[in-house]
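Data first, discussion second: the structure below is written as structure tokens.
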Amino acid sequence: MPLFLVLLAFTACRIAPPTAALQRFEFTEPHMGTLFNITLFAPDAATAERAAKLAFARITKLDRVMTDYDDASELMRLCAQPYGTPVRVSDDLFDILQTSRRFSEMTGGAFDITVGPCVQLWRRARRQRQLPAPEKITTALAAVGWRKVQLDAHHKTVTLLAPEMRLDLGGIAKGYAADKALAVLKKNGISRALVAASGDIAIGEPPPGQPGWRIGIGSIDAAGNSLTKTVLLHNAAVSTSGDTEQFVELGGVRYSHIINPLTGRALTNRIGVTVIAKTATTTDGLETPLSVLGVERGMQLVEAHPELAVLFVTLEGNRKTMLASSRFRKISTSD
Ligand code: AMP
Ligand code: MG
């Protein structure tokens with residue numbers, strides 16, 4: 001079920017006079033295969049541009065570390081080392097690998113950055129419009145499993161424990177980069193800001209005189225685009241995923257870009273997930289496995305963590321069902 005997020009303009013009256021002389025600025029640049037948008041409030045254009053430039057530079061740096069589309073990225077160089085060798089990595093890479101491991105543990109392995117070999121098979125399937133051969137999936141699965149990544153926090157080393165492993169940070173990197181970009185803005189004196197990487201948004205202090213940033217959660221179905229819920233957020237993050245543009249339909253079945261790491265197969269259930277939490281690393285990292293876990297197990301997981309909120313949208317035939325966690329119900333309004 002394709003979902004999308006939009007930043008909504010305020011129509012409600014202001015609750016306080018605007019902070020003196022802050023103006024709104026917006027910047028957009030392509031990074032990590034998508035568009036990053038920065039919306040911020042600053043006293044003047046020069047201050048805004050300087051801060052945005054530094055934030056985008058941080059994203060560029062992270063992309064160079066984490067992309068799997070470039071053999072020269074730090075991540076791909078790590079994967080190219082003979083398995084069983086401890087490799088010293090940068091703080092950024094170690095940090096995201098450690099966080100990824102936490103999400104793997106938390107989701108019982110539904111989030112797993114070692115799915116890379118399977119992701120490759122399914123990317124090829126999309127291009128060639130042909131399902132991967134089952135034996136290729138079996139072979140790929142030998143290099144999958146989050147426990148096959150050994151982390152040594154003291155030496156900042158990573159050891160890949162099986163041959164042909166390929167790490168894929170596509171399920172978490174955009175949220176991580178959005179968080180880091182927001183932190184750069186804050187460090188440069190700009191706290192009323194928001195960084196959006198398509199479906200992953202890191203949100204700082206509210207716009208001047210407003211209680212928060214209004215984000216609309218929309219779903220696209222046969223009836224066209226429609227907004228389903230609105231949330232008002234500050235110092236938080238929201239991510240949404242679904243089988244958006246990246247799917248392939250073969251033999252009447254729609255295969256998502258999200259893989260079940262246990263089976264090596266792409267998801268075929270129509271599910272859209274929107275997660276709200278403190279950081280975009282968390283929301284991006286969790287919306288991917290929540291799709292794998294499905295509504296029932298996903299909801300159990302979220303309800304066990306009071307800081308998380310989730311909205312599931314599922315589509316069976318033409319029947320759309322929405323299910324919100326208790327915290328989501330408290331913080332959202334219907335449109
Ligand atoms: P997202 O758009 O955040 O849901 O992330 C989807 C991307 O994460 C895919 O394109 C893959 O690169 C990667 N991915 C797919 N399945 C998984 C999974 N189960 N765990 C972690 N990453 C995944
Ligand atoms: Mg994700």
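The values are calculated or read from the model by the stated rules, or taken from the named source; none is laboratory data. These numbers come from a predicted model, not from an experiment. Here the Cβ positions follow ideal geometry from the backbone for every residue, glycine too, while neighbour counts run over all protein chains shown. The area values use the complete protein model at the heavy-atom level, side chains included, leaving out ligands, DNA and RNA. Shrake-Rupley method; radii C 1.70, N 1.55, O 1.52, S 1.80 Å.
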What the Cα atoms of the range 15-158 span along the principal axes, largest first and in whole Å, is 63, 45, 34
Take every Cα pair under 8 Å in the range 74-160 that's 6+ residues apart, average their separations, divide by the length, and report that relative contact order as a whole percent.
-> 41
Taking R0 as 25 Å, what's the FRET efficiency between ASP91 and LYS278 from their Cβ-Cβ distance, rounded to 0.05?
-> 0.75
Grab the beta carbon distance between ALA72 and ARG124, set R0 = 22 Å, and tell me the FRET efficiency rounded to 0.05.
-> 0.50
Hull surface divided by four, with the convex hull built on the Cα atoms of the range 125-203: how many nm²?
-> 8.4
Length-normalised contact order for the chain - Cα pairs under 8 Å, 6+ apart - percent = 21
Helix-only [θ] at 222 nm, the chain, -39500 (n - 2.57) per DSSP H run of 4+, per residue, nearest 500, equals -10500 deg cm²/dmol
log10 I(q)/I(0), Debye, Cα-only the range 108-167, no solvent, q = 0.24 Å⁻¹?
-> -0.97
Considering the chain as a Gaussian network with a 10 Å cut-off on Cα pairs, which listed residue, GLU105, GLU307, GLU205, attains the greatest mean-square fluctuation?
-> GLU307
For the chain, what % of the accessible area comes from carbon and sulfur atoms, probe 1.4 Å?
-> 52
accessible surface per residue for the range 74-160, probe 1.4 Å, DNA/RNA/ligands not counted, whole Å² -> 50
Ratio Rg/Rh [Cα only; Rh per Kirkwood] for the chain | 0.97
Just add up the charged neighbours of ALA178: K/R +1, D/E -1, any other residue whose Cβ is under 10 Å from the Cβ of ALA178.
-> -1
Between HIS154 and LEU250, take the C-beta separation as r, use R0 = 51 Å, and let me know the FRET efficiency to the nearest 0.05.
-> 0.60
